[in-house]
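> This is the structure I have questions about; it appears just below.
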Amino acid sequence: MKNIIIVGAGGQIGTELVPHLQKLYGADHVIAADLNREMCHQLKSIAITEQFDALDVQVYAQIIKKYEIDSIFNLVALLSASGEKNPQWAWQVNIGALLNTLELAREYGCAVFTPSSIGAFGHNTPHRNTPQDTVMRPGTIYGVCKVTGELLSDYYHNRFGVDTRSVRFPGIISNGALPGGGTTDYAVEIFYEALKNKRFTCPLPADSYLDMLYMPDALHACSQLMEADPSMLKHRNSFNVTAMSFCPADLYSDIKKRMPEFEMDYEVNPVMKEIADSWPDSMDDSCARDEWGWNPIWDRQMMVDDMLQKLSLKLSAI
């Protein structure tokens, strides 16, 4: 049985990855770790938790030994829009946590999952049906960190034999934890504002197409890849994965069909627009499908129905 630690478990993905992995491996085999004391307190109700800074390699190592960890899900990251506010700190956090994770994985024989992102691409990347292997010249510190992370993870696999694996996540839509500073966050915020205020001001242009995944598919991608037969993996760091591509106007139309009173206007954030313009409109995820059987379940219409239903219940309970 695996012993797993999720570092950065208090974020949008981590808070839902914890129960997902608990169902697969048992609650006693999944450790939720985060720097944020409040998030750790919240996670204590569902999981074994540890509060520590992933930049402190000595404490990190003690936790690995304490729980005899053999798989690390490293989710520590400052996201795209947040990273542009303090790029030096974004580099320290994102790369510092990853390097510590890889070194400890090398020393203690752990497998490592570290998500990459569509943020790893840039203006020179083909934007439609973006290939698995292509030009990667990002224009954000977040993207630079993601490309660096892919290369570092490949290096540790090729040089030291560390079992490193990764997917390039598009925008992730969730009815769980709120996102925190990403360019695709509008696709979550729009549902909250539609239900609470019947109005949303969008920070991206109406025709800004971006790839998206619904959270259940994102969680499945994490666990499915980590369970994949390594002999089948020609790529490791990192696989394109996606389920849908849409723009704000599409999502507005979908919600308005279900909520005729809903209205949306635009107040374009130039930094976020620049970031979105550098990312793919749609990705080719055929390598993930061929090498480890990736096959998303949720399409846009299913996602919209589920988001409105789940968030209506959530907001009515507040």
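The values are calculated or read from the model by the stated rules, or taken from the named source; none is laboratory data. All values derive from a computational prediction rather than experimental measurement. Note: ideal-geometry Cβ built from the backbone for every residue, glycine included; neighbour counts use all protein chains shown.
> Need the failing condition index for TYR67 against (1) surrounded by fewer than 20 Cβ atoms within 10 Å (Cβ to Cβ); (2) over 25 Å from GLY161 (Cβ atoms); (3) at pLDDT 95 or above, just the number.
Among (1) surrounded by fewer than 20 Cβ atoms within 10 Å (Cβ to Cβ); (2) over 25 Å from GLY161 (Cβ atoms); (3) at pLDDT 95 or above, the lone unmet condition for TYR67 is (2).
> May I ask you to list the residues in segment 143-180 that are over 12 Å from the mean Cα position of the chain (by Cα) and not in a helix (DSSP H, G or I)?
GLY161, VAL162, ASP163, THR164, ARG165, ASN175, GLY176, ALA177, LEU178
> Look through PHE121, PHE169 and report the one residue that is surrounded by 24 or more Cβ atoms within 10 Å (Cβ to Cβ), closer than 20 Å to ALA228 by Cα and of a type outside the set (Val, Ile, Thr).
Among PHE121, PHE169, only PHE169 is surrounded by 24 or more Cβ atoms within 10 Å (Cβ to Cβ), closer than 20 Å to ALA228 by Cα and of a type outside the set (Val, Ile, Thr).
> A further question on this structure: Could you list all residues from segment 97-118 that are surrounded by fewer than 18 Cβ atoms within 10 Å (Cβ to Cβ) and either within 20 Å of the chain's Cα centre (by Cα) or free of Cβ contacts under 8 Å to residues at least 12 places away in the same chain (or both)?
Selection gives LEU99 alone.
> Of the numbered conditions (1) over 25 Å from LYS257 (Cα atoms); (2) buried (at least 16 other Cβ atoms within 10 Å of the Cβ); (3) in contact with a helix residue (DSSP H, G or I) (Cβ under 6 Å, 6 or more places away or on another chain), LEU210 satisfies every one except a single condition; which is it?
Only one criterion is unmet by LEU210, namely (1).
> Please tell me if ASP250 is at pLDDT 95 or above and closer than 27 Å to SER82 by Cβ.
yes
> Could you pull out the residue among GLU84, GLU38 that is under 20 Å from the mean Cα position of the chain (by Cα), outside any strand (DSSP E or B) and among the acidic types (Asp, Glu)?
Going through GLU84, GLU38 in turn, just one is under 20 Å from the mean Cα position of the chain (by Cα), outside any strand (DSSP E or B) and among the acidic types (Asp, Glu): GLU84.
> So how many residues does segment 274-318 have that are outside any helix (DSSP H, G or I) and touching a residue at least 24 places away in the same chain (Cβ under 8 Å)?
Selection size over segment 274-318: 14.
> Something else about it: Would you check if ARG128 is assigned to a helix (DSSP H, G or I) and over 20 Å from the mean Cα position of the chain (by Cα)?
no
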